[in-house]
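See structure below.
Bear in mind that the values in this text are calculations on the coordinates, not laboratory data. Bear in mind that the values here come from a model prediction, so they are computed numbers and not experimental data. Neighbour counts are summed over all protein chains in view; Cβ atoms, including those assigned to glycine, are modelled from backbone coordinates with ideal geometry.
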Amino acid sequence: MQPPMSSANMVKLKRRGCPMDSVDSAQKWWDANTNVAARKQEPNQTELADGEIDEDHNMARTRREIAEANMAEIREADLLGKYLDKAQVDSAIFEIARAMRDGLTNCSRRIAADVAGLVNAGDCEEVIDREHRALLENMSHRMHANIGNTQTKI
């Protein structure tokens, strides 16, 4: 398989150590230094007289069957409600994080009066811990309500 030959990709490859003196040396470096599993295997092809490529029948059938199996898995997951709408999730997370930030910011004001009369550090810690746990519990409920019930496709 040939390395990508665009100008931008060649600059990136050069930074990674790819030699630029010849196409053959770049090809050898590419074969030795790239993840074989990440590269799509070249199909068994033969070039026809008019310049078109004739893909091996078995390779074309295998490629088609893999694509159909992938699509069937996506349809099944969609029907089972396993997909979430990314925009809805992002919006929900933003709202939850903002509520958490506001809750923590206002936390000191809310519990100041409760802690002011206490003389023992352990009692102060208990009041602060109770407030923080309430905020975390609220965040957990909001996440479940906003994200856990989202059943739309990405």
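Along the range 104-110 the Karplus relation, 6.51 cos²θ - 1.76 cosθ + 1.60 evaluated at θ = phi - 60°, assigns HN-Hα couplings of 5, 5, 7, 4, 5, 5, 5 Hz to successive residues, with x for each Gly and Pro. Count Lys and Arg as plus one, Asp and Glu as minus one, and take only other residues whose Cβ is under 11 Å from that of residue 68; the net charge is then +2. Our estimate of slack between residue 15 and residue 70, defined as 0.36 nm per intervening residue step minus the Cα-Cα distance, is 16.3 nm. Note on residue 62 and residue 145: the extension gain reaches 25.6 nm, defined as 0.36 nm multiplied by sequence separation minus the Cα-Cα distance. Between residue 116 and residue 8, the simple label model (points 7 Å from Cα in the Cβ direction) yields a spacing of 6.0 nm.
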